[in-house]
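Right, one structure below, let's go through it.
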Amino acid sequence: QVQLVESGGGLVQPGGSLRLSCAAYGSILSINSMGWYRQAPGQQRELVAAITSGGSANYADSVQGRFTISRDNAKNTVYLQMNSLKSEDTAVYYCNAQLRRSWYENERDYWGRGTQVTVSS
């Protein structure tokens, strides 16, 4: 079994910062991409940022220049540093990993349970 465990969400004022972490636990052969998605009430889940095992990152236009994704491959952990937060960043943030558990299985997506980020004064 594989689990993605997120931490770091919470309530922050506009202009503030938060750092999200997500660690993958379990029997894992390899992890390709890791990333963060978010879903606000009444909206579809959207990609925030993703990073490959080699360190190549891509971001949603709405967070470019404010958020930074990073990764520690040795710890199977991905981070999202969020600065200059806005009220429209309020959402549940989900961790995603495209990983392979063994040589006998194909790569597939795994998801965390989500962590709430609320930006409000």
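The values are calculated or read from the model by the stated rules, or taken from the named source; none is laboratory data. Because the structure is predicted, anything quoted here is derived from the model rather than measured. Neighbour counts are summed over all protein chains in view; Cβ atoms, including those assigned to glycine, are modelled from backbone coordinates with ideal geometry. Please note that ligands, DNA and RNA were not included when accessible areas were found on the heavy atoms of the full protein model with its side chains. Shrake-Rupley method; radii C 1.70, N 1.55, O 1.52, S 1.80 Å.
List of remarks:
- Accessible surface, the chain, averaged per residue in Å² (probe 1.4 Å): 55 Å²
- Neighbourhood net charge (13 Å Cβ-Cβ; Lys/Arg +1, Asp/Glu -1) for VAL119: +1
- Quarter the surface of the alpha carbon convex hull of the stretch 39-78 and you get the mean projected area, 3.5 square nanometres.
- Choice from GLN98, GLN44, GLN81 with maximal GNM fluctuation in the chain (Cα, 10 Å cutoff): GLN44
- Shown here are the Rg and Dmax of the Cα trace of the chain, at 14.2, 50 Å.
- Trypsin sites (Lys or Arg not before Pro) restricted to DSSP loop in the stretch 59-121 with at most 15 other C-beta within 10 Å: ARG66, LYS86, ARG113
- What you get for the chain, charging only the Cβ of Lys and Arg (+1) and of Asp and Glu (-1), is a dipole of about 180 debye around the Cα centre.
- Protein accessible area in the chain, 1.4 Å probe - carbon and sulfur %: 43 percent
- GNM flexibility winner over the chain from LEU85, LEU11, LEU99 (Cα, springs under 10 Å): LEU11
- Taken over the stretch 6-50, the percentage of Cα pairs per 5 Å bin, counting from 0 up to the bin with the maximum distance, is 5, 14, 19, 25, 22, 8, 6, 2, 0.
- Estimated inter-spin distance, ARG19 and ARG108, nm [label 7 Å along Cα→Cβ]: 3.4 nm
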